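> Can you read through this structure? Questions will come right after.
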Amino acid sequence: MRRREYWILILPSIFVMFGLLLIPIYRTIEWSLKDVNYGEAGTFVGLDNYVRALTDPRFGSSVLFTVGLTLSVMVVVIVLGYILAVLVNNLGKMRPLVLGIILISYVIPNVVGATMFSWLFDGNFGGVANVVIGWFTDHDVLWFTETWPNRIMVGLNIVWAMLPFSMLILLAGLQGVPREIIEAAKIDGAGTMGRHLHIILPSIRGMVGFVAIITIMDVLRVFDNLIPLAPNAVLNGNETIALYTYNMAFQDGGQELGLGSVINVLTILIMLVMLIPFIRNTMKEAKSA
Amino acid sequence: MIRRPSKKAALAVGIGAALLLSGCGAGSRTQDKNAAEVPCEFEAPGSATTVNVLAYNSSAIDPFTNTLVANCTTDEVDVVHEPVDFAGQVQRTTTTLAGAEGTYDILETYGYIIPENAESEKILPLNDLIDKYGDTYGLDELSPSMVEAMSYNGDVYAVPMQAQMYIMAYRKDIFDELGLEPPTTFDELRDVAQKIQDSGEYQYPLALPLLASSDIATAYDSALGSLGVDLVDHEAGKPNFDQPEAIQAFEELKSLAPYMDPQVTTFDQPKVQQQMYNGDAAISIMFSGRMNDLVQESNSPNFDKIAFAAPPAVVEGGKQYSTLSVDGWSIPANTSLDEDMLFNMIGSSVSEKASLAAIPAAYPARQGLVTAENSPYGAAANDAIENAPAAEPFPYTAKVSNAVRPVIAEVFTGALTPEEGTAQMQTIAQKVLDAE
Amino acid sequence: MTAAAEAIIKGPRQLREKRRRNARPKAQPMMSGLFLAIVCVAMLAPFIWTLLSVTKPTDVAFANPPVLAYEPTAQAFVDLWQTTNFYQYLINTGIVAVGSTIVALVIGLPAAYALARAPGYVSAILLILALVFRSLPRFAVVLPMYELSRQLGIHDTTFALGAALVAINQPFSIWLLRNFFVKLPEQIDEAAMIDGCSRFQALRRVIIPMMGPGILTAGVFMFLFAFQEYLTPLILTDTKAQTVPLFIATQLGQTLPMLQQAGAAAILLTGLVVLFAFIAQKYLVAGLSDGAGK
């Protein structure tokens, strides 16, 4: 491909991406060094905002919680997604129905899905999950105030929302696995588990990686789910980084753009660290392709 | 499915599409039946104009908003109000006032944030317009104290439409059955709650809005106010969290915890309403604008068992456990529309006829309008408004309250002792004051 | 013909064969069927609960303990349709989702093609930058965009919202589309160009038509992302360009009837999306097996 052609083809996309995304990033970095309100120029304060964020224990614990949440959701979503993909792949006539049902939770807006989800656990709205639990035990689970029950509920909600994506991608991967590979494994006498672990999974490595990237990106910035699900997030240590940003900078019509931007910059850095393996992979692949 | 669409599916999609495309009947009814029919007259602007109104939706605000929209829309002037929740209104007030131009032309606002926006000249002083149109809309009958609550440094920045203060709603049937009287102090409240709890019908008889990320600050402020102490000593420019009452307020609030749901720190006002609708709680204290909902037959099977009283005082002889908040209309400084036109719209929506139509959903800002006859909680409201702690109309009040809120929540849940908490709050609040 | 297109046409028969091949002792399909059924119910539980709540009479809609015997009513839906501008929000959401999807594809396709056909450092760096853009916190993107849209005088328009979503979703779309192009043999381009097409003509007339399922897959994702976005419209719209997710969020925490209407709105939105999901799922899988994350 000629150079000129390459650039003609690629420029509109670069223009849109860089034009609309690079300016915001530049602005974010600029604001992170300033004391600034909406629509004002602000005053330069150097690294003050960074010091403020980094010395706040709440920021540290929100980073820990978010990273932990991200990693555990990622594992659950991949394992469960794979099992579901295998099962759905074996379905016949029921396949479109089952796929359609499983897809729904992925396409509903987070804030709406999370609110519906919270009604299942909130006695003030019927709390059907509590009724079911009540059949087995007299113990009231305090889903919204106690740290671990709340974590589990939040985690369940995010898995609920992300599972369809994972299953879909892994299902697509499974369909690309040549029949011979599976057959060959059978002839070797490998058990079911072994066949999946050693033959099929490695051959859809790429898909698993793709699910991992997207899950990391999306869970690391979880925000709107927590509004209905974790009203006590600050008290019980279940504040995500994005929620921390919101609480510190923008709640109650606050406009601490400087501090908010600092946390955004730091989030980008955390994200980059978590993406290093994928970045290396892309570099290698693009060079050799 | 794709290759051979079934006839039924095609039909369903067809009907759906037709409905969608035509928008048949969409938006054909107004939301509220208690919008009054009042004259709204202003000089025609001469060209097609859109007036954007920012006001959060709630039972108490809606009548005024709906009256404004219904009566002031003409062929030429389109008055637009899109539904928004309270948090959305707060967020949008900040953004629309930030730049040289904003989206909104009429803002719903409240006493708490007026000083801040008035000081930065983001909303217009309305004194001249009030003089000019006072007679037309009977504005001299607005309660002077509520006009005062909408003022900053001697200028009026909003036309008050209504007041909100805490009211206590309780289950008359339970109280009668157990021979209880509505409590007038926290002591009595604990006593009554204990008796209801002991009767075995209610595990958690009391519900207060104590949402840790919002309402709990108002609750603490109310308790402190009831003990006769402001958040800030405004003369000395010092927070009052080093006063003994600051600790006492915590102890009193915490003493109610055994009678409340263990998840009460997640309750906002709608959830407290749910507690009453569902019969999970027998006593609740929240803002008056939420009260009329409780006695609507369409909302709850318990609608006819609710009675109202003024909230108790924290200690005998003190002010009531309450916060007085006045809502009003203001005009943003960055609107491009004619101020006279906007003021006429505001005036018509708070006129006597419009205000009467807002009862009992709201407690209008006109003197003597609400009575025990025209509002189920009228007597309680008239008592409550007399005995509520005074508001603190300073630009930093809201900031102080927001800044110390996380600590208040931590003390209430027991993560901090009241002593530790008040010490931290004193430091945090002092920082806010120093920055002003 | 691409493998994906082939898969769509031959799909059902292949599947049937596969099922026969995978025939196992009876117990296992029973177990897996049961497991799938449980998962389906769990995935649907919030919707079922909401559907029940919005078809109950308001006074028992959220009763505790829940009321299960009731006379269903569609009043919440009627109220939603007649007393709010739900229709307008739906139109806005549709315009933004469709518009931003089309633009994202028109811009993304050539770029993805170039990235696939001309590997090297430049392409690798661009792809990594796209990855970085995709992972930006939404606040970091949207707040500066708010300022920008105010300055340009396009705040609170579907145009501004659509443009923002095109940019936000561009990285995902070029990544996905690039992976589809990589799988398409380069000989096709060459054959077309020998026949006298320029590269651009070859792309437009020959290659893109062969990418059908891939483009559809990318389009479906773009559409869904735009359809469910919350934070971007929250900041970039006020009154004129509000979308359905935003509307639903503002109805929550209000009065009981409004809460029920919010539930009704969520159910309607879900209904539309379910319809869409059922139509799209076959293409999605067909397209994805060919493309994503190789």
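> In whole Hz, what ³J(HN,Hα) sequence does segment A:225-238 give by Karplus (6.51, -1.76, 1.60; θ = phi - 60°), x for Gly and Pro?
Using θ = phi - 60°, the values come out as 4, 6, 4, x, 8, 10, x, 10, 3, 5, 5, 9, x, 10 Hz.
> Using the Cα centre of the protein assembly as shown as origin and beta-carbon charges of +1 (Lys, Arg) and -1 (Asp, Glu), tell me which of A:54, A:248, A:265 is placed farthest towards the positive end of the dipole.
About the Cα centre, the residue reaching furthest to the positive side is A:265.
> Let me ask you something else. Taking amide H positions as placed 1.01 Å from N in the peptide plane, with prolines and chain starts having none, which residues 5 or more places from residue B:78, or on another chain, fall under 5 Å of its amide H?
B:49, B:50, B:51
> Residue C:48 accessible area, nearest 10 Å², 1.4 Å probe?
Near enough 80 Å² of accessible area.
> Over chain C, with a Gaussian network built from C-alpha contacts below 10 Å, which listed residue (C:157, C:83, C:250) shows the highest mean-square fluctuation?
C:83
> Using the Kirkwood radius over C-alpha pairs as Rh, can you work out the diffusion coefficient of chain C via Stokes-Einstein at 10 °C, viscosity 1.306 mPa s, in µm² per second?
Diffusion coefficient, whole number: 71 µm²/s.
> Please list, by residue number, everything in segment B:72-110 whose backbone N is under 18 Å from a paramagnetic label point 7 Å out along Cα→Cβ of residue B:44.
Answer for segment B:72-110: B:72-79.
> Quick check: net charge around residue A:108, other residues with Cβ under 13 Å of its Cβ, Lys/Arg +1 and Asp/Glu -1?
-2
> As a test of reading the structure, rank C:98, C:244 by solvent-accessible area (1.4 Å probe, protein chains only), most first.
Descending order: C:98, C:244.
> Whose amide H sits under 5 Å from the amide H of residue B:238, counting only residues 5 or more places off or on another chain, with H placed in the peptide plane?
B:233
> Roughly speaking, what is the stretch gain from residue B:297 to residue B:127, that is 0.36 nm per residue apart minus the C-alpha to C-alpha distance, in nm to one decimal?
Using 0.36 nm per residue and subtracting the Cα-Cα distance, I get 56.9 nm.
> For the pair residue B:201/residue B:37, report the inter-label distance in nm, with labels modelled 7 Å from Cα in the Cβ direction.
4.5 nm
> Express in Å², to the nearest 10, the accessible area of residue B:229 obtained by rolling a 1.4 Å probe over the protein heavy atoms while all chains stay in place.
Rounded to the nearest 10, the figure is 20 Å².
> Ignoring ligands, DNA and RNA, how do B:155, A:48, B:293, B:75 rank by accessible area with a 1.4 Å probe, largest first?
B:75, A:48, B:155, B:293
> Based on the alpha-carbon gyration tensor of segment B:128-245 and its eigenvalue square roots a ≥ b ≥ c, which shape applies: rounded if a/c is under 1.5, prolate if not and a/b is larger than b/c, or oblate?
The shape class here is oblate.
> Sum up the charges of everything whose Cβ sits under 12 Å from the Cβ of residue B:91, counting Lys and Arg as +1 and Asp and Glu as -1, but leave residue B:91 out.
Combined, the nearby Lys, Arg, Asp and Glu give -2.
> Same structure, new question: How much of residue B:141 can a 1.4 Å solvent probe reach, expressed as accessible area in Å² and rounded to 10?
Only protein atoms counted, so the area is about 90 Å².
> Please grab the % of Cα pairs in chain B that end up more than 28 Å from each other.
Percent of Cα pairs beyond 28 Å in chain B: 53.
> From Cα pairs below 8 angstrom and at least 6 apart in sequence, can you work out the relative contact order of chain B, rounded to a whole percent?
After rounding, I find 25 percent.
> Hey, another quick one. Can you classify chain A as rounded, prolate or oblate using the Cα gyration tensor, where a ≥ b ≥ c are the square roots of its eigenvalues, rounded means a/c under 1.5, and otherwise it's prolate if a/b beats b/c and oblate if not?
oblate
> Next up: Counting heavy atoms of the protein chains only and a 1.4 Å probe, report the per residue accessible area for the protein assembly as shown as a whole number of Å².
40 Å²
> Any chance you could check the Cα centroid distance between segment B:285-329 and segment A:260-276 for me, in angstrom?
46 Å
> Using the eigenvalues of the Cα gyration tensor, what equivalent ellipsoid semi-axes result for the protein assembly as shown when each is taken as the square root of five times the eigenvalue, whole Å, largest first?
Sorted largest first and rounded, they come to 51, 33, 28 Å.
> How large is ³J(HN,Hα), in whole Hz, for each residue of segment B:308-314 in order, when computed from phi with the Karplus curve 6.51 cos²θ - 1.76 cosθ + 1.60 and θ = phi - 60°, using x for Gly and Pro?
Working through the residues one at a time gives 10, 8, 5, x, x, 7, 5 Hz.
> I'd like the carbon and sulfur percentage of the solvent accessible area for segment B:265-413, probe radius 1.4 Å, heavy atoms only, ligands and nucleic acids excluded.
Reported share for carbon and sulfur atoms: 48 percent.
> Ok, one more. Mind telling me which of B:378, B:289, B:134 comes out most flexible in a GNM of chain B, alpha-carbon contacts under 10 Å?
B:134
> Put +1 on the Cβ of each Lys and Arg and -1 on the Cβ of each Asp and Glu in segment A:73-248; which of A:164, A:217, A:232 then has its Cα farthest toward the positive end of the dipole?
The Cα lying farthest towards the positive end belongs to A:164.
> So if I place +1 on the C-beta of Lys and Arg and -1 on the C-beta of Asp and Glu, and nothing else carries charge, what would the dipole magnitude of the protein assembly as shown be about its Cα centre? I want it in debye, nearest 20.
That gives a dipole near 8760 debye.
> So how much accessible surface do B and A hide from each other in total, probe 1.4 Å, in square angstrom to the nearest 100?
In total, chains B and A hide about 1800 Å² from solvent.
> Taking a threshold of 27 Å on the Cα-Cα distance, which of the pairs B:238/B:271; B:271/B:431; B:195/B:254 fall above it?
From B:238/B:271; B:271/B:431; B:195/B:254, over 27 Å: B:238/B:271; B:271/B:431.
> Let me ask something else about it. With r as the distance between the Cβ atoms of residue C:35 and residue B:251 and R0 = 45 Å, compute the FRET efficiency 1/(1 + (r/R0)^6) and round to 0.05.
Working from the Cβ atoms, E equals 0.25.
> So if we plug the beta-carbon distance of residue B:155 and residue A:79 into 1/(1 + (r/R0)^6) with R0 = 56 Å, what FRET efficiency do we get, rounded to 0.05?
Step by step, r from the Cβ atoms, then E = 0.30.
> Out of all DSSP beta bridges in the protein assembly as shown, what portion is antiparallel? Express it as a percent rounded to 5.
Taking every DSSP beta bridge within the protein assembly as shown, about 70 percent pair in antiparallel fashion.
> Size of the dipole of segment C:77-290 about the Cα centre, Lys and Arg at +1 and Asp and Glu at -1 on the beta carbon, nothing else charged, in debye to 20?
Roughly 220 debye, rounded to the nearest 20.
> A further question on this structure: Semi-axes of the equivalent ellipsoid of segment A:23-117: what are they in whole Å, largest first, if each equals the square root of 5 times a C-alpha gyration tensor eigenvalue?
Equivalent-ellipsoid dimensions as semi-axes: 44, 18, 12 Å.
> Where does the charge balance sit around residue C:198 when Lys and Arg score +1, Asp and Glu -1, over other residues with C-beta under 14 Å from its C-beta?
+1
> Sequence neighbours fewer than 8 away in the same chain don't count; with that in mind, list the aspartates and glutamates whose C-alpha is under 19 Å from residue B:353.
Candidates past the 8-residue exclusion: B:32, B:37, B:41, B:62, B:135, B:140, B:141, B:327, B:373.
> Then there is this: Suppose R0 equals 56 Å; then what is the FRET efficiency for residue A:148 and residue C:194 from their Cβ-Cβ distance, rounded to the nearest 0.05?
FRET efficiency, residue A:148 to residue C:194: 0.25.
> Multiplying the sequence separation of residue A:47 and residue A:269 by 0.36 nm and subtracting their Cα-Cα distance, what value in nm do you get?
Length gained between residue A:47 and residue A:269: 78.3 nm.
The values are calculated or read from the model by the stated rules, or taken from the named source; none is laboratory data. Nothing here was measured: the structure is a model prediction, and the numbers come from that model. Glycine also receives a Cβ, built like all others from the backbone with ideal geometry; neighbour counts cover every protein chain displayed. These accessible areas exclude ligands, DNA and RNA; they are computed on the full protein's heavy atoms, side chains included. Shrake-Rupley method; radii C 1.70, N 1.55, O 1.52, S 1.80 Å.
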